[in-house]
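Below is one structure, written out as structure tokens, with a few remarks after it.
Rule-based calculations on the coordinates, nothing more; no lab input. The model shown is predicted, which means the values in this text are computed figures rather than measured ones. Counting neighbours? That spans all protein chains shown, and the Cβs are built from the backbone with ideal geometry, glycine included.
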Amino acid sequence: MIPAGCSHPISIGEVQLSVALAFNLTVAEMLSHTRNHRVTCARHVAMYLSREVALRALAPPSFPRLGRAFARDHSTVINACRVVTLRLRQDLGFALLVNRLALDLRFAAVPAV
């Protein structure tokens, strides 16, 4: 995934790690099959950001590819993106967190000069 103005691609793994750290989880916990709210929320945000950050790339990852990366079905990724999109409109604190993570990922992808 290559964000706007950046020549360095952002991997799904980098998104997973960034989100896991923000939610004080390990990537393994986030990819587990637990339905704990904190873990599920982190997983949804990571799926959303994997797709959202990639939208600026020439070939964003498909839902099936993202599903495989998260050990889930593609329909789970579609639902996660829908849930996060709705929550972004309703919860300012959540929106600030997701936007900060997106910016961190985009700036982290900029190679040092």
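Let me spell out the model: positive unit charges on the Cβ of Lys and Arg, negative unit charges on the Cβ of Asp and Glu, origin at the Cα centre of region 12-108. What dipole size does that give, in debye rounded to 20?
Using Cβ point charges on Lys, Arg, Asp and Glu, region 12-108 gives about 200 debye.
Sketch the reach of a paramagnetic label on R82 as a point 7 Å from Cα along Cα-to-Cβ, and name the residues of region 28-54 whose backbone nitrogen lies under 15 Å away.
Within reach of a label on R82, which here means backbone N under 15 Å from a point 7 Å along Cα→Cβ, region 28-54 contributes 48.
In Å³ and rounded to a whole number, note down the convex hull volume per residue for the Cα atoms of region 25-104.
94
In nm, to one decimal, how far is the H74 label point from the Q90 one, both placed 7 Å along Cα→Cβ?
With each label point 7 Å from Cα toward Cβ, the separation is 2.8 nm.
Scan around L25 for amide H atoms under 5 Å from its own, H built in the peptide plane at 1.01 Å from N, and keep only partners 5 or more places away or cross-chain.
Amide H neighbours of L25: none.
Rank-order 48-54, 30-36 by packing density, defined as the average count of other C-beta atoms within 10 Å over each peptide's residues, highest first.
48-54, 30-36
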